[in-house]
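Structure record follows, encoded as structure tokens.
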Amino acid sequence: MEERIFTIPLKKAFRAPRTKRAKKAMKVIREFLKKHMKVGKLEDVVIGKSINEAVWKRGIQKPPRRIRIHAIVHEGKVYAELLGVDINLPSKKERKEETKETKKSEEKKEGVEESKKEEK
């Protein structure tokens, strides 16, 4: 389990239109963590509630210029919270439920693809 602390500059968020800055700041954080924690997909980055609240605190037009984050890689996923906030890693039960849900969605996709092939 790898643990790191980052100060993420959110300068790129201010290049976006005023009404989209906080949303862009969240994307910048996700991309930064993906790159620096060496994770394959953006979906593997889990941003905590404290980060979301800190970015949106002053509204959509005025996110912070930089943010301090504590990140952990656990089982191929990155979990991040504000520095000083405890990171809640999923329990074994939650992970089992998560894998069951992904298997079900994959089975549904396969079923749809097979039915499309049969129609052709």
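Odds and ends about this structure:
- Of E97, E81, E107, the one that fluctuates the most in a GNM where the chain has Cα springs shorter than 10 Å: E107
- Listed candidates (i) 18.3, 53; (ii) 14.8, 51; (iii) 17.8, 57 - label of the one calculated as Rg and Dmax of the Cα atoms in Å: (iii)
- Label-point separation, E97 to L83 (7 Å along Cα→Cβ), nm: 3.4 nm
- Subset of K11/K62; K27/K77; K27/K108; K23/K104; K57/K77 violating a 22 Å alpha-carbon distance limit: K27/K108; K23/K104; K57/K77
Every read-out reported here was derived from the displayed coordinates using simple, explicitly stated rules and does not represent laboratory data. Keep in mind the model is a prediction, meaning the values are calculated, not measured. Positions of Cβ are backbone-derived with ideal geometry, glycine not excepted, and every protein chain shown enters the neighbour counts.
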